[in-house]
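Enquirer: Just dropping this structure here.
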Amino acid sequence: MTTPHQQPVHVRSGHAAEFDDHPHDECGVLGISTPHGDGVAQLAFFGLFALQHRGQEAAGIAVSDGQRARLHKDPGLVSTVFTPEALAPLTGYHAIGHTRYSTTGGSSHRNIQPFLVETMHGPLAVAHNGNLVNAPALRDELLQRGFGLTATSDTEVLTLMLAAAGGTSWQERLERTLPAWKGAFSMVMLMADEVIAVRDPWGFRPLSVGRLPAGGHAVASETCALATLGCVEIDEVRPGEMITLRGAELIRHQALAPATTPARCTFEFVYFSRPDSVWADRSVHEVRQRLGEELANEAFVDADVVIPVPDSSIPAAIGYARASGLPFNDGLIKNRYIGRTFIEPTQDIRERGVALKFNALGENLRGKRVVMIDDSLVRGTTAGPLVKLVRDAGATEVHLRITCPPITHACHFGVDMGHDGDLMAARHTVPEMVDLIGADSLAFLSLDGMMRAVAAQEDQRDGYCNACFTGRYPIAVGSAQTKLSFEGVLA
């Protein structure tokens, strides 16, 4: 192990996003089909707006009017990519949309989704949330067959494989192609006159479907987007299930047998999903409060106040305070509008690091023993500066509590949290991390405690992927690629 002097905690310079040490999800996906075609692109815009938290690098919408498909996509947030002028030409009955954070392929324009291609069967657009662990082999096979690839994302691989598949319908082509895909995929596909959604047999990433109030249906990564659109009869897309949306028609078909043991990503509950979403019949907000309660039961410390690292840790801090009997209060105020700034910080701001994103409330911290709740500790780049920020505001003690176990292994299923060597808990013991971040104490929630919060019934706790905590991957990942492994040729 390195010593604290050899491995100082620091905050990297650059974009505001670099002051965020949370894992990043790949993206959010959305599909809509209506019988009337009134404002389908506008509906997609509002649905994507509700999924903005899942990806802020880029956004795209593809629409079809039954014959012709149109596409608009660009880097940036949903609200800046889709101006009224950009939405106006996107007319039709069917739409898919995507908000992106890259995990396979870089952030260049060529990797923005949806991908839209012309095929002998008509237009095909694809948007994808997840990561295929066998993407390198599938990509090599396409190259050997003479396909020209224009992007470095595994989503392009999926698109071209589907475009080249045999069959009399897109459903049949998809069923023929699905068995070759190993890994995480919650996908939406746009054809001339329908939208198809499919979820991998393990159910890694969330996907739900609902009925639109004015007719038709929508499918989205999270129920919060469906609620924004006013959907009713919301239901989870089952692992291995294929959903066809065609105007007022909804067809459900089990295209692949579900895995014997599901592998839902636990981090959807810990951090990724919006708190007003529901997944696996559990309220995300309720689960986060229970994470805090379990953490208080396992790692109580006598203190004067419990504060969250906003925003995702607020429910957990409420739960910790409730279970511990300690008062809850705000101690950090987050600048929610910083987004992904492309203006280089001044040297002074760079040295202050997290001051770009957080300010401390001295009146709530001064002279207090503080329990600071955060949802995760990944590389450790912001924990130290946050502890210092709270201490500089007058706190006499700062005790950091994390609502999940130590992250010791990389994710290969659509979450960008770095490689094993980047992860603080993979390189340091808890006492070493305490020294590195400058806290008075540090404690993580146990795996058992996390699963008690996530799944109330013991027989449901095996249906989740916890590989980033345990190193036990639900499927083999030996051939899994790094994020930029396809960038060698296409610069």
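Enquirer: Going by alpha carbons, how many degrees (0 to 90, nearest 10) lie between the helix axis of 40-50 and the longest principal axis of the chain?
Expert: Result, in degrees: 20.
Enquirer: Normalised by the residues of region 283-470, what does the relative contact order come to in percent, with Cα pairs under 8 Å and at least six apart?
Expert: Result for region 283-470 is 23 percent.
Enquirer: 222 nm [θ] for the chain, helices only, -39500 (n - 2.57) per DSSP H run of 4+, per residue, to 500?
Expert: Helix contribution divided over all residues of the chain: -6500 deg cm²/dmol.
Enquirer: Given Cα pairs under 8 Å that are at least 6 residues apart, what percent is the relative contact order of the chain?
Expert: Once divided by the residue count of the chain, the mean separation gives 18 percent.
Enquirer: Also, quick follow-up: Starting from the amide H of W279, placed 1.01 Å from N in the peptide plane, find each other amide H under 5 Å away whose residue is 5 or more places distant or on another chain.
Expert: Placed amide hydrogens put V284 under 5 Å from W279.
Enquirer: Continuing with this model, one more query. Report the charge-dipole magnitude of region 24-263 in Debye, nearest 20, computed about the Cα centre from +1 at each Lys and Arg Cβ and -1 at each Asp and Glu Cβ.
Expert: The dipole of region 24-263 has a size of about 220 debye.
Enquirer: Continuing with this model, one more query. What shape does region 132-240 have by the C-alpha gyration tensor, where a ≥ b ≥ c are the square roots of the eigenvalues, rounded means a/c under 1.5, and otherwise prolate means a/b greater than b/c and oblate the rest?
Expert: Prolate, because a/c is 1.5 or more and a/b exceeds b/c.
Enquirer: A further question follows. How big is the charge dipole of region 283-470 about its Cα centre, in debye rounded to the nearest 20, if each Lys and Arg gets +1 on its Cβ and each Asp and Glu gets -1 on its Cβ?
Expert: The calculation lands at about 500 debye.
Enquirer: If r is the Cβ-Cβ distance from L143 to D276 and R0 is 45 Å, what FRET efficiency results, to the nearest 0.05?
Expert: In this case the efficiency is close to 0.55.
Enquirer: D304's amide H: which non-local residues (gap 5+, or another chain) put their own amide H closer than 5 Å, with H modeled 1.01 Å from N in plane and none for Pro or chain starts?
Expert: Amide H neighbours of D304, under 5 Å, 5+ apart: R369, V370, V371.
Enquirer: If you don't mind, another one. Treating the angle as unsigned and between 0 and 90°, give the value, to the nearest 10°, between the Cα long axis of helix 383-392 and the longest Cα principal axis of the chain.
Expert: Tilt of helix 383-392: around 40 degrees.
Enquirer: Using 1/(1 + (r/R0)^6) with R0 = 45 angstrom and r between the beta carbons of R110 and T261, what's the FRET efficiency to the nearest 0.05?
Expert: That gives a FRET efficiency of 0.75.
Enquirer: Rounded, prolate or oblate: which fits region 25-165, taking a ≥ b ≥ c as square roots of the Cα gyration tensor eigenvalues, rounded meaning a/c under 1.5, else prolate when a/b beats b/c?
Expert: oblate
Enquirer: Next question. Work out from phi, with θ = phi - 60° and the Karplus expression 6.51 cos²θ - 1.76 cosθ + 1.60, the ³J(HN,Hα) of each residue of region 224-238, listed in order in whole Hz, and give x for Gly and Pro.
Expert: Going residue by residue, I get 4, 5, 5, 5, 4, 7, x, 5, 10, 6, 6, 9, 6, 6, 6 Hz, with x marking Gly and Pro.
Enquirer: Can you compute 3J(HN,Hα) from phi for each residue in region 278-292, using the Karplus curve 6.51 cos²θ - 1.76 cosθ + 1.60 with θ = phi - 60°, rounded to whole Hz and x for Gly and Pro?
Expert: 10, 9, 6, 6, 10, 5, 4, 4, 5, 4, 5, 5, 5, 4, x
Enquirer: Would you kindly derive the ³J(HN,Hα) couplings of region 168-183 from the backbone phi angles with the Karplus curve 6.51 cos²θ - 1.76 cosθ + 1.60 (θ = phi - 60°), listing them in order in whole Hz, with x for Gly and Pro?
Expert: 8, 8, 5, 4, 5, 5, 5, 4, 6, 8, 3, x, 7, 8, 10, x
Enquirer: Using Cα centres only, tell me the gap between region 140-185 and region 404-424 in whole Å.
Expert: After rounding, the separation between the Cα centres reads 28 Å.
Enquirer: Please identify the longest segment of the chain free of exposed chymotrypsin sites (Phe, Trp or Tyr not before Pro), where exposed means a DSSP state other than H, G, I, E or B and no more than 14 other Cβ atoms within 10 Å.
Expert: So the longest stretch without any such site is 1-336.
Enquirer: Hey, how many Å between the Cα centroid of region 367-395 and the Cα centroid of region 256-312?
Expert: Cα centres, region 367-395 to region 256-312: 20 Å.
Enquirer: Taking a temperature of 4 °C and a viscosity of 1.567 mPa s, what whole-number D in µm²/s does Stokes-Einstein yield for the chain with Rh from Kirkwood over alpha carbon pairs?
Expert: Diffusion coefficient, whole number: 56 µm²/s.
Enquirer: Using a Cα-Cα cut-off of under 14 Å, which aspartates and glutamates could be cross-linked to K334, ignoring same-chain neighbours fewer than 8 residues away?
Expert: Once the sequence-local aspartates and glutamates are set aside, what remains near K334 is D20, D311, D374.
Enquirer: I've got another one for you. With r as the distance between the Cβ atoms of D422 and N359 and R0 = 45 Å, compute the FRET efficiency 1/(1 + (r/R0)^6) and round to 0.05.
Expert: 0.95
Enquirer: From the residues C404, G421, V305, which one has its Cα farthest along the dipole of region 283-470 in the positive direction, the dipole being from +1 and -1 charges on Cβ of Lys/Arg and Asp/Glu about the Cα centre?
Expert: Positive-most Cα among the choices belongs to V305.
Enquirer: Follow-up question, since we're still on this one. To test your reading of the geometry: what angle, between 0 and 90 degrees and rounded to tens, separates the Cα axis of helix 314-324 from the longest principal axis of the chain?
Expert: Computed tilt is about 40 degrees.
Enquirer: Considering every pair of different Cα atoms, what Kirkwood radius, in Å, is found for region 407-474?
Expert: Averaging 1/r across every pair of different Cα atoms and inverting gives 13.6 Å.
Enquirer: Under 5 Å between amide hydrogens, which residues at least 5 positions from D74 or on another chain qualify, with H placed 1.01 Å from N in the peptide plane?
Expert: A59
Enquirer: Have a look at the DSSP beta bridges in the chain and tell me what percent are antiparallel, nearest 5.
Expert: Among the beta bridges of the chain, antiparallel pairing accounts for roughly 80 percent.
Enquirer: Let me know the shape class of region 24-263, please: from the alpha-carbon gyration tensor, a ≥ b ≥ c as square roots of the eigenvalues, rounded when a/c is under 1.5, otherwise prolate if a/b is greater than b/c, or oblate.
Expert: The shape class here is rounded.
Enquirer: Here is a follow-up. Roughly how big is the chain's charge dipole about its Cα centre, with Cβ charges of +1 (Lys, Arg) and -1 (Asp, Glu), in debye to the nearest 20?
Expert: Computed about the Cα centre, the dipole is about 380 debye.
We did not get these values from a lab; they are worked out from the coordinates using the rules stated. None of the values given here were measured: they were computed from a predicted structure. Ideal geometry is used to build each Cβ from the backbone, glycine not excepted, and the neighbour counts take in all protein chains shown.
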